[in-house]
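Written below as structure tokens is the structure these notes are about.
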Amino acid sequence: MHIPDGLMDPMILFAGWAIALPVIAFAVSKVNRTVDESKVPFMAILAAGIFVAQMLNFPVGGGTTGHLVGATLAVMLLGVYGSIVVMTVILVIQCLVFGDGGITALGLNLLNMAVVAPFASAVIIRLANGKARSATSFAASWFAIVLAASACAMALALSFTLSNGAYGINGIVAIPTMLGWHAVIGVGEGLITMGVISFLAKIAPEMLTMQLGKAEPKPEVML
């Protein structure tokens, strides 16, 4: 799902930055005001785990990749704003240090994986209202990764249309390819998330700060 440099129309690149940056800035401000400092090491460990999972990717087509995202696990453990911050750090490091995703396209990659995916997860979790924990974690993971892939595919298609084929990928190819691959990847991510959450619910239920939508977390851990 990482978009490389040189693939997108400049207008779409600008739109990605324009949408993603204000949301991320608000999330950082929210976390800075509310996060318990004792939770920072845990956020770093979680970020490292998701970072490793995302590095296991494969080509999907047109220079983009398919891979696990990990946004739902971060939302369940840190809340939506904490998840946005952690996902942003991961994507920036991947881009600047490992060249995974382009620098000019970083705004779009942040939008898809650090904004769309966490909010998509949070919506499913809230709608579930604490019911069917395993099904909720699976559904939220699948929905988040497919919606993020949909946003990526739409950006690719729109770039193709606006540039008369000079940038992006034709929507006829981009949309079914991205959604098809990530629908399958979403199943794998859902199973992994479901397993991790089920394990944590048994040994450390207090780590599930959002309580899968069942109740508001305590102020000191609300992100």
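Inspection of region 2-20 identifies no residue that is over 29 Å from Asn164 (Cα atoms), within 18 Å of the chain's Cα centre (by Cα) and crowded, with 17+ Cβ neighbours inside 10 Å. Before we move on, is Gly6 in contact (Cβ under 8 Å) with a residue 12 or more places away in the chain, within 27 Å of Pro176 (Cβ to Cβ), of a type in the set (Gly, Ala, Ser) and not in a helix (DSSP H, G or I)? Here the answer is yes, as Gly6 does meet what is asked. Scanning region 123-160 for residues that are assigned to a helix (DSSP H, G or I), over 11 Å from the mean Cα position of the chain (by Cα) and small (Gly, Ala, Ser) yields a count of 12. Residues being surrounded by fewer than 23 Cβ atoms within 10 Å (Cβ to Cβ) and either closer than 25 Å to Val173 by Cβ or of a type outside the set (A, V, I, L, M) (or both) are entirely absent from region 69-76.
Among the residues of region 151-176, just one is over 16 Å from Met8 (Cβ atoms) and of a type outside the set (A, V, I, L, M, F, W, C), namely Pro176. Going through region 179-195 one residue at a time, which ones are crowded, with 17+ Cβ neighbours inside 10 Å and closer than 24 Å to Asn129 by Cβ? Listed by number, the residues that qualify are Gly186, Glu189, Gly190, Ile192, Thr193, Met194.
Screening region 94-119 for residues that are free of Cβ contacts under 8 Å to residues at least 40 places away in the same chain and within 26 Å of Val196 (Cα to Cα) and picking the one that is surrounded by the most Cβ atoms within 10 Å (Cβ to Cβ) gives Val116. Remark: pairs (first residue in region 122-151, in contact (Cβ under 8 Å) with a residue 60 or more places away in the chain; second residue crowded, with 23+ Cβ neighbours inside 10 Å and charged (D, E, K, R); Cβ separation under 6 Å; 6+ apart in sequence or on different chains) = Ser141/Glu189; Ile145/Glu189.
Every number in this text was worked out from the coordinates using simple rules, so none of it is lab data. The structure displayed is predicted, hence computed values, not measured ones. Backbone-built Cβ (ideal geometry, glycine too); neighbour counts: all protein chains shown.
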